Amino acid sequence: MVLSASTCFSSETYHEGENKILKISAEQCTFPPSIEDSPLCMSKIVDLLLENSGITTIIITQQREYEYDYGQTALLIELTAAYHKLNYEERLRYARLVANPASEQFIRASYAVFQKIISQQLKEDPLAAYVALKRLERQEKLRRNIVVDARQAAAQDQLLAVLLEVLTLLEQLKIIAVLLPHLKEYTPGERGIYSLLFHPTTRPDFMYTKLITEFPDGNLAESYEFTAENDRCEVNMFTFDDDIKVMYHLTPPEFLFEEELYELLDNAKRIMAEHKPTREEFVDPQRMREVFFSIGKDLLNDLLAHRGTQLPEEKVDQLARALLRYTVGFGLIELLLADPKIQDVNINSPNGTLPVFIVHQDYGDCATNIYPTRLEVESWATKLRLISGRPLDEANPILDTELKVPGFSSRVAALTAPLNPTGLAFSFRRHRDYPWTLPLYMQPKIKYMNPLCAGLLSFLIDNNATILIAGTRSSGKTSLLGSFLIELMRKLRIVTVEDTFELPQEALRKLGYNVESLRVASALSAPGTEVEAATGIRSTLRLGDSALIVGEVRSKEALALFEAMRVGAAANVVAGTIHAASPYGVFDRVVNDIGVPRTSFKAIDIIVITNPVISGLKKYKRILRITEVRKEWEDDPLRERAFVDLMVYNPQTDQLEITDELRNGNSIILKEMAARVKEFAGNWDAVWENIQLRADAKQAIVDLSLEENDPALLEADFVVKANDLFHLIADEVKEKTGKMDAERILFLYKEKIKQEAKKRKKE
């Protein structure tokens with residue numbers, strides 16, 4: 001059947017960066033828009049490549065977009081050049097081959113077969129054409145061996161020479177050379193073999209992001225599923241024998257829709273695209289999503305009614321969620337961030353040519369099968385501007401903000417020109433759905449800290465230490481700081497100060513905490529309406545008796561933080577995070593870089609260092625040391641031995657081990673804290689017994705979780721309740737016995753948390 005260009009396979013070319021794209025509409029075509037599956041599709045693309053030079057990318061649209069990158073397009077360009085050479089430049093030579101009528105009669109039938117292969121089959125199915133030519137060559141050789149007539153022999157020699165020349169030309173084509181080793185399992189006419197060469201990235205028309213649906217040629221390491229807003233997503237992890245990279249292959253729910261649903265979503269998206277969300281709508285993203293979900297669902301039902309069809313309500317809901325993601329949402333980024341095993345999602349420039357990269361909790365850095373286009377990343381930038389109320393342009397090329405979607409929240413950093421001259425770049429840092437807890441960190445599969453570390457940290461927090469958590473980027477500083485908040489008693493008021501909300505403030509409020517969250521200007525942003533961090537920290541001193549938690553110490557706000565530490569010392573916990581790799585690195589950053597006076601630096605009681613440790617190709621986050629900062633020094637705390645380690649990580653045992661200073665009771669900071677508590681004053685054994693009691697109490701939660709096979713017991717909801725029980729039982733035992741009887745407290749505590757676990761199970 002002949003199809004006109006106006007109804008099928010109409011095309012256009014355009015430039016995108018350095019690429020020249022041939023875009024073909026196959027919406028009206030009855031054959032599949034697939035080079036690898038359809039001989040007619042391959043043939044028509046060869047015809048178009050004859051008419052258009054310099055093509056680097058081929059896109060075919062039919063409900064979805066199928067994009068063939070430069071490497072795959074180059075195979076077809078090389079085939080097109082060979083086809084042109086054989087059918088045009090060599091035509092005169094073929095004519096000379098049969099110029100002698102006396103010779104022509106002997107090869108007429110064979111030449112007709114040859115001509116059909118070259119003019120038609122070569123552009124439809126080049127491997128089948130090659131096989132057919134080899135078969136024709138064998139037949140002609142057999143005929144030549146029995147020929148006695150000199151004229152016939154000469155004619156067949158001429159034909160064999162041409163066949164050999166053509167076969168040699170075809171064997172030099174990459175498309176043939178790569179497929180030749182697979183000829184044994186090949187049956188001419190079967191198209192499956194072409195999938196070894198052609199595997200387009202695909203996306204439905206309602207999406208901008210491209211996705212490679214084919215599995216890579218690697219080793220399947222693991223498969224698992226997760227749920228994103230009631231939609232099931234499938235993940236396959238691939239490793240490779242000759243490459244250290246790991247591939248994260250996502251199959252989103254919308255790629256499992258029936259084809260007729262894509263047209264429905266395309267129409268719905270075109271209608272919804274007429275409404276551009278305003279800044280006012282983005283002020284409350286959650287409310288906006290609810291409104292647009294409702295609008296999308298009504299629109300889909302109207303379109304279905306117009307078509308005279310019906311779908312189950314749960315299917316319409318699923319379509320409405322997909323429509324929401326690809327209109328006011330962030331597309332496949334939302335699905336990636338909904339995977340609880342993903343920690344970071346990174347999009348690099350130039351956009352459209354590089355995949356999305358992720359950091360996976362089990363596999364570390366991974367490439368994905370997702371390629372966001374320039375249009376997609378530009379839409380993300382616009383939405384982030386609206387959500388944050390902050391600029392992202394040439395005058396302000398850096399944007400820090402947060403993104404909250406049902407199922408996850410994340411911190412977002414965006415860069416644009418001139419800082420990033422090749423385009424837009426994004427980094428999404430996924431926050432855990434619920435706050436981290438010390439028992440979560442202690443579980444065997446994580447081993448971030450051991451029971452004694454948890455007990456020591458619990459003691460320090462309960463006794464109002466001033467703490468800085470230090471580490472490199474992605475070392476877990478903010479998550480650890482969030483777990484400290486779970487250790488605070490719910491009767492306390494907590495004030496958090498952040499430039500981008502990362503601490504689990506909303507979860508804490510749901511757990512009954514009294515939290516006041518202040519948002520201040522980012523140190524990396526241009527001056528605007530937001531209050532400077534230093535001013536925000538100083539303002540907390542006017543908010544009354546409060547624990548002060550600073551998300552990250554970056555710049556001059558450190559002066560205000562240390563002022564708060566000095567004012568708040570011995571009364572409230574003051575804690576924050578900072579980029580540094582050692583206790584002296586903290587001093588160097590705070591004093592030498594930021595300019596905090598040495599006397600103010602002494603307000604720090606404890607420095608906790610957290611960083612990844614490397615084992616082979618894997619990284620594991622660990623607390624590397626807990627160090628106290630003594631006050632009797634003048635110039636250099638390192639030289640004057642002001643930094644005293646209480647616990648230090650041992651890579652041989654993969655454990656955080658106590659030092660002799662802590663074991664022998666030589667911690668001045670702990671003794672100063674003990675002096676403020678009647679039961680501990682002057683009694684190091686009582687202090688150590690309490691630290692060990694807290695360690696045993698944390699371990700009891702981990703043991704109970706394993707015993708009940710209930711990971712939820714490690715989460716904040718249960719741990720906060722367990723902490724309440726610990727304090728109530730300790731106070732009750734002290735009132736009854738006149739002392740902190742650790743053995744009695746632990747016994748009653750274990751009984752109480754078991755009862756609480758059983759009660760929750762029944763509920």
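Numerical summary
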read-out	value
Local electrostatic count, G512, Cβ distance below 11 Å [Lys/Arg +1, Asp/Glu -1]	+3
The range 603-736 - convex hull of the alpha-carbon atoms, volume per residue in Å³	169 Å³
Cut-off 11 Å between beta-carbons: net charge of the residues surrounding A575, Lys and Arg +1, Asp and Glu -1	-1
Signed unit charges on C-beta, dipole axis of the range 601-691, positive-most listed residue L638, I614, P651	I614
Dipole of the range 213-314 [Lys/Arg +1, Asp/Glu -1 at C-beta], most positive-end residue of N230, F257, I295	I295
Charge sum, other residues only, whose C-beta stays under 13 Å from I623's C-beta, Lys/Arg counted +1 and Asp/Glu -1	+2
Estimated FRET transfer efficiency when R0 is 25 angstrom, pair D724-K761 (beta carbons, to 0.05)	0.85
Apportionment of accessible area to carbon and sulfur, the chain, percent (1.4 Å)	51 percent
Rounded Å value of the spacing that divides the Cα centres of the range 492-511 and the range 17-65	53 Å
Alpha-carbon Debye profile of the range 714-763, log10 I(q)/I(0) at 0.20, 0.26, 0.32 Å⁻¹	-0.66, -0.94, -1.17
Rg(Cα)/(2.2 N^0.38 Å) for the range 624-696, N = residue count	1.21
Helix runs (DSSP H) in the chain reaching 24 Å along axis by Cα, Kyte-Doolittle at least 0.0	150-171
Relative packing of peptides 355-367, 642-654 - highest average C-beta neighbours within 10 Å first	355-367, 642-654
Isotropic mean projected area of the C-alpha convex hull, the range 134-246 (nm²)	12.3 nm²
Per-pair calculated FRET efficiency, R0 = 51 Å: D217 and A153 via Cβ, rounded to 0.05	0.60
Helix-only CD estimate at 222 nm, as mean residue ellipticity for the chain, using -39500 (n - 2.57) per DSSP H run (n ≥ 4)	-13000 deg cm²/dmol
Inter-centroid distance (Cα atoms) of the range 134-153 relative to the range 629-701, Å	95 Å
The chain - charge dipole about Cα centre, Lys and Arg +1 at Cβ, Asp and Glu -1, debye rounded to 20	460 debye
Net charge dipole size for the range 100-242 [Lys, Arg +1 and Asp, Glu -1 on Cβ; Debye, nearest 20]	1080 debye
Listed pairs K618/K671; K297/K404; K123/K245; K245/K447; K671/K698 exceeding 30 Å between Cα atoms	K618/K671; K123/K245
Among beta bridges that DSSP assigns inside the chain, antiparallel share in %, nearest 5	70 percent
Stretchable slack from K23 to A74, in nm (0.36 nm times residue separation minus alpha-carbon distance)	16.8 nm
Protection-proxy order for peptides 237-250, 303-316, each taking the mean of Cβ atoms within 10 Å per residue, highest first	237-250, 303-316
Diffusion coefficient, µm² s⁻¹, Stokes-Einstein with Kirkwood Rh over alpha-carbon pairs of the chain at 4 °C and 1.567 mPa s	42 µm²/s
Per residue Cα convex hull volume in Å³ - calculated over the range 460-503	89 Å³
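The values are calculated or read from the model by the stated rules, or taken from the named source; none is laboratory data. Predicted model, so just to flag it, every value in this text is computed and none were measured. FYI the Cβ positions are ideal-geometry reconstructions off the backbone, even for glycines, and counts take in every protein chain you see. In case anyone asks, the SASA skips ligands and DNA or RNA and just uses the protein heavy atoms, side chains included. Shrake-Rupley method; radii C 1.70, N 1.55, O 1.52, S 1.80 Å.
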